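Below: one structure, written as C-alpha cells.
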Amino acid sequence: MIQLFHVSKYYDRRLALSDVTLDIEKGEFVLLMGPSGAGKSTLLKLLIGAERPEEGQILVQGRSLSKLRPSEIPLLRRKVGVVLQDFRLLPKKTVFDNVSLPLLVQGASTVEIRRKVTEALRSVGLDHKKDLFPPGLSTGEQQRVCIARATVNGPIMLLADEPTGNLDPELTSEIIELFKSINARGTTIIVATHDPNVLAQVNRRVITLDQGKVVSREQVCP
Amino acid sequence: MSVRRLLYLLREAVANVLTNRTTTVVAVATTAFTFACVGVFLLLYVNLRAMASSLEQDIQVMVYLQDDLTEQTRGEIELQLKADRAVGALTFVSKERALADFQSQFPAESHLLQGLGRNPLPASFVVTLAVESRSSEAMRRWANRAQAIPGVAQVQYNQEWVEALAGIVRYIEVAAIIVGIILSAASVTIIANTIRLALYSRREEIEILGLIGASSTFIRVPYLLEGAALGLLGSALSLVILKAGFELFRHEIRSASRFLGVDTLLTFFPVEMCVVLVCVGLFLGCAGSFLSLLRFGEGRA
C-alpha cells in the first residue's frame, strides 16, 4: 500500500532522509524507531504530502505522491489520519466540533457528522465529554480526542508522530491499545516513536532509522 | 456546499472579527476615513459636473449678422442654422428689438446710443445648442462653423466661463482618480494587514485544517469574507461620514446669506452611486484579504 523507492530528503543541504526504500502492506502496524533527528517525522511528512522528496518516489495505493497536483493533496490527507505529540486540538471548539472537522471539510451532512463523530468518540471512550473544551480535558483524554479526529472519516492509514511523548506509561498503554483496536479494523498504522514503552507493547514490524537511513528492519510476529 | 459547511465558514469569519476586535474596529475606522477622503473629491466632482452641465444648458450662442444683409440672405442663414443638427432652438432678434432690449435692460445708458443718431446694434440669432453639442469643445467647433457662414458678422458665447468650468472639472476628475488610486491602495494595505494579523493569530488552526484535508478554498473563505466585511463596513461608514459632513456644509451655506440659493444646487451621491461605492469597498476588502492570503501561502505573512 505504501512504497518508498530510494527516497532522499534534504533541508538546506542537510540530509534528513537518505536513500530510503520501504514497502508497507495494507493493514500493517509499523513502528518507526530512532533517536531525535533520525528522519521519522520527515518520513511521515512525506507520506501526507507536506514535504516532497528531492530524490526517489513514494507510492500510496499505487499513486505517486510526487505527481500529485497541489489541489490533490487535501484529497490524499482525507484518506490519512494524523496523530501528533502536541495533539493540535482547537482550544475554543468543543470536543465534538474538533472531531467533526475532517467530516466538515469533506462536506458531510449534519446527520452523517453526528453519527460518525458519536461513533468515533465512543470508540475512544469520550462520548460523554463531547461538549467539553480541550483545555478542560486531561492529556490522555486530549490524545484520545486527537485519535477520534484522525479516525472519524475511516482513513486508510493512521500516522502517529510521537503520540505518547506527553503521556505517562499508563496512558501510553491506553493509547497503544486504541491503536491496536483501530489496526484490527483494517487501518494501516505507522507510529514514529523513540519511546521504548511503545516498542515493548507493540510486537509488530519495527523499522529503525538513524541519521536519515534505515538501519534495521525487524519483523516481529504478533 | 452543505449548510453546515457554509455556517461553519460564516461562523469562522465572525470569530475572526471578534478575536481581533480592536484591530477590526481600527481597520474599519481607518478604511472609512480613507474612503471618505476619496469621497470628498468625488462629491466635489459630482457637484461641479452637475453645475457645469446646468451652466452649459443655460448658455446661448449669439450669432450676429452683418448690417447690410437682405431679407433673403437673412432667411437663408436662418434656414441653414435650423437645418444644423447641433442647433436645438433658434430665435431671431432684429436690430429694433435689440435696441429695445438694451434700453429696457440698461435705461441709464440708453442716452449713449441716442447720441449716435442711428441704431448701432446688429440683428442676431440667439441659438440654444442641442444637448449633445453643449460641451465646451462642441460649442467651440460649432461657433467656428457658424462664423464661416456668409453674412455672419460674429459669433459669441460665454466661452471663458464654459471652458474654465470644464477645465476645473477635468482637474478635479484627474485629482479624484489619483487620490482614489492612492487611498484605495492604502485601504487595501490596511485591510491586508488586519487579515495578516488574523492569519497569524490563527496559524495553528490553519495548519490543523491543512492537516485534515481542508482545501485551500475552505481555509481561505473565512478570511476573504472578513476582508469583504471590513471593506463593506468601511465604505458604508465613510458614506455616513460624508453625508453628515455634506449636510453640515449645506447648512452652513444656507446660513450664509450671500450664497443664497447655492445650497439647492448641491447634491449628495445618488443611491446607485452609494451602492457602487459600497461594492467598491467590498471589492477592495476582498483584494486586501487575497493579498494577505497570497503572502501567507508563500510563507511571507
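The values are calculated or read from the model by the stated rules, or taken from the named source; none is laboratory data. What you are looking at is a predicted structure, and each value in this text was computed from that prediction instead of being measured. With ideal geometry, Cβ positions are generated from the backbone for all residues, glycine too; neighbour counts draw on all protein chains shown.
Numbers for the structure displayed
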item: Counted residues, segment B:13-47 - those being surrounded by fewer than 20 Cβ atoms within 10 Å (Cβ to Cβ) and within 14 Å of chain A (Cβ to nearest Cβ); result: 4
item: Single residue of segment A:78-94 satisfying the filter (in contact with a Cys (Cβ under 8 Å, 6 or more places away or on another chain) and not in a loop (DSSP other than H, G, I, E, B)) that is nearest to the other protein chains (Cβ to nearest Cβ); result: A:Leu84
item: Residue selected from segment B:63-109 under the condition touching a Lys or Arg at 6+ places or on another chain (Cβ under 9 Å) and of a type in the set (A, V, I, L, M, F, W, C), by the criterion nearest to B:Pro120 (Cα to Cα); result: B:Leu65
item: Test set (1) within 15 Å of the chain's Cα centre (by Cα); (2) aliphatic (A, V, I, L, M); (3) away from chain B (no Cβ under 12 Å) - A:Ala150 fails condition number; result: (3)
item: Top-ranked residue in segment A:102-111 [being surrounded by fewer than 16 Cβ atoms within 10 Å (Cβ to Cβ) and in a helix (DSSP H, G or I); ranked as nearest to the other protein chains (Cβ to nearest Cβ)]; result: A:Thr110
item: Answer residue from segment B:1-23, given it is among the hydroxyl-bearing types (Ser, Thr, Tyr) and without any contact (Cβ under 8 Å) to a residue 12 or more places away in the chain and is nearest to B:Ile191 (Cα to Cα) among those; result: B:Thr22
item: Matching option when the condition is β-branched (Val, Ile, Thr) and outside the structural domain of B:Cys286 (by TED's automatic domain parsing), among B:Ile168, B:Ile206, B:Ile149; result: B:Ile149
item: Residue within segment B:204-224 that is in contact (Cβ under 8 Å) with a residue 60 or more places away in the chain, away from chain A (no Cβ under 14 Å) and assigned to a helix (DSSP H, G or I) present; result: yes
item: Number of positions in segment A:174-222 that are part of a helix (DSSP H, G or I) and farther than 14 Å from A:Ile147 by Cα; result: 7
item: Hits in segment B:96-112 - residues which are closer than 14 Å to B:Met62 by Cβ and at pLDDT 85 or above; result: B:Arg97, B:Ala98, B:Asp101
item: Positions within segment B:25-62 being within 12 Å of the chain's Cα centre (by Cα) and of a type in the set (Val, Ile, Thr), in sequence order; result: B:Val38, B:Val40, B:Val46
item: Some residue of segment A:30-40 being at pLDDT below 90 and outside any loop (DSSP other than H, G, I, E, B); result: no
item: Those residues of segment B:48-70 which are surrounded by fewer than 19 Cβ atoms within 10 Å (Cβ to Cβ) and either touching a strand residue (DSSP E or B) at 6+ places or on another chain (Cβ under 7 Å) or closer than 17 Å to B:Ala98 by Cα (or both), in sequence order; result: B:Gln60, B:Met62, B:Tyr64, B:Gln66, B:Asp67, B:Asp68, B:Leu69
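Let's see how each residue does on (1) closer than 19 Å to B:Gly210 by Cα; (2) outside any helix (DSSP H, G or I):
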position: A:Gln3; (1), (2): no, yes
position: A:Ala16; (1), (2): no, yes
position: A:Asp23; (1), (2): no, yes
position: A:Leu44; (1), (2): yes, no
position: A:Gly49; (1), (2): yes, yes
position: A:Arg52; (1), (2): yes, yes
position: A:Gly56; (1), (2): no, yes
position: A:Glu72; (1), (2): yes, no
